Amino acid sequence: MIRFGVNVPNFGPESSYDALLGWARFAEDGGFDTLVVSDHVVLTPEVAAIYPEPFHDPFVLLAWLAGQTSTVRLGTSVVLLPYRHPLHTARMSAMLHLMSGGRFVLGVGAGWSATEFAALGADHTRRGPVTDEYLEIITGAWAAARVDGPGYEGVQTGPRPPEGRVPVWVGGASRRAVRRAVRSGSAWHPINPDLDWLRDKGLPALRQEAAEQDRPVPELVVRVKARLQAEPAGPGRPAGVGTLDQVVGDVQALAELGASEVILDPNPDEPRPRDYAAEQRQLAEIRQAYRAGDAEPAATR
């Protein structure tokens, strides 16, 4: 049975700590499997045009929510790896996984904002290779008691995660991202993919890459928009946008493509006043409608 997650808005003027705790209670009490939050470090005008202030740090926020929850999985969708030293990311991720009782998932991506890279002194043009390099360092630091790397030998990063591993969801739709997912990820995590592209190009590329690397095909965990409307959306609509029947159909299509989990994302494409209660009702409605249909005998559908 497909799992459901929710992308919690950890940014914007409505994202008070009471509101964020309310989202965690909603996810856990509402039967969602995973709660994820996003990542930005510096809100340049380019970033703030999509993600208004304040933007809460995902590691600090999830560490707090780990102590306020007991069953829901906690993750990032996605941490932008080039923004932090990989040994620091390895340390924080391992500690979060341990502190939460094994409930943390590290979703990773390469980033996109050139102005944010510049503000952090990072190289936007090399974000792909740097993400590959950093992910190798992170997974190596989890697996070994001491690690060597550029500028350091025999260092320790802190507590190691159980079995030397934290689950990793690799975001991105490029061929490099697909290669990265096969090499280092427990799941491929495309965000807002076109479903036809996913079926005809994305998944075949994933399977081909797995065959070339002689590795297992990672799980498929997809994040889609979650915006219900009264009237049907027309051709070219993004997955997750439309009537309840349309959105449930999108989830069913993803299940048929082999997705193990769908992350529902209520965030708008550009800043606007938010009604969290209304968004949560829609998320619950989507999950419940899919579960109800999934429980029906096939002959009655």
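The values are calculated or read from the model by the stated rules, or taken from the named source; none is laboratory data. Quick caveat: nothing in here was measured; it's all calculated off a predicted structure. Note: ideal-geometry Cβ built from the backbone for every residue, glycine included; neighbour counts use all protein chains shown.
Would it be correct to say that Val8 is touching a Gly at 6+ places or on another chain (Cβ under 6 Å), surrounded by 15 or more Cβ atoms within 10 Å (Cβ to Cβ) and not small (Gly, Ala, Ser)? No: the conditions fail for Val8. The residues of segment 4-58 that are free of Cβ contacts under 8 Å to residues at least 40 places away in the same chain and of a type in the set (S, T, N, Q) amount to a single one, Ser16.
On inspection, Thr89 passes the criterion of being touching a residue at least 12 places away in the same chain (Cβ under 8 Å), within 19 Å of the chain's Cα centre (by Cα) and either within 21 Å of Asn10 (Cβ to Cβ) or part of a loop (DSSP other than H, G, I, E, B) (or both).
The residue list Val221, Val247 contains one member that is among the β-branched types (Val, Ile, Thr) and part of a strand (DSSP E or B), which is Val221.
When you check Ser100 against the structure, is it in contact with a Gly (Cβ under 9 Å, 6 or more places away or on another chain) and either surrounded by fewer than 19 Cβ atoms within 10 Å (Cβ to Cβ) or at pLDDT 95 or above (or both), yes or no? Here the answer is yes, as Ser100 does meet what is asked. On the basis of being hydrophobic (A, V, I, L, M, F, W, C) and closer than 14 Å to Ala277 by Cα, does Val8 make the cut? Criteria met by Val8. Is it the case that segment 258-274 has a residue that's over 23 Å from Ala24 (Cβ atoms), at pLDDT 95 or above and crowded, with 17+ Cβ neighbours inside 10 Å? Checked segment 258-274: at least one residue is over 23 Å from Ala24 (Cβ atoms), at pLDDT 95 or above and crowded, with 17+ Cβ neighbours inside 10 Å.
Taking strands (runs of 3 or more DSSP E) as the structural unit, those lying wholly within segment 110-207 and holding at least 2 residues that are surrounded by fewer than 20 Cβ atoms within 10 Å (Cβ to Cβ) correspond to 147-149, 152-155.
Yes or no, residue by residue, for (1) in a helix (DSSP H, G or I); (2) surrounded by fewer than 15 Cβ atoms within 10 Å (Cβ to Cβ):
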residue	(1), (2)
Met1	no, yes
Trp23	yes, no
Ala27	yes, no
Val42	no, no
Tyr51	no, no
Leu61	yes, no
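Of all residues in segment 256-279, those satisfying the criterion of being closer than 24 Å to Ile2 by Cβ, within 18 Å of the chain's Cα centre (by Cα) and either not polar (S, T, N, Q) or not in a loop (DSSP other than H, G, I, E, B) (or both) are Gly258, Ala259, Ser260, Glu261, Val262, Ile263, Leu264, Asp265, Pro266.
Asp57 meets the conditions (1) of a type outside the set (Val, Ile, Thr); (2) under 16 Å from the mean Cα position of the chain (by Cα); (3) surrounded by fewer than 22 Cβ atoms within 10 Å (Cβ to Cβ); (4) under 19 Å from Val222 (Cα atoms) in every case but one. The failed one is (4).
Looking only at residues in segment 22-54 that are under 16 Å from the mean Cα position of the chain (by Cα) and among the small types (Gly, Ala, Ser), which one is nearest to Leu264 (Cα to Cα)? Restricting to residues being under 16 Å from the mean Cα position of the chain (by Cα) and among the small types (Gly, Ala, Ser), the top hit is Ala27. Pairs linking a residue in segment 143-169 that is of a type in the set (Asp, Glu) to a residue that is exposed (fewer than 14 other Cβ atoms within 10 Å of the Cβ), with Cβ atoms under 8 Å and 6 or more positions apart or on different chains, are Asp148/Gly154; Asp148/Val155.
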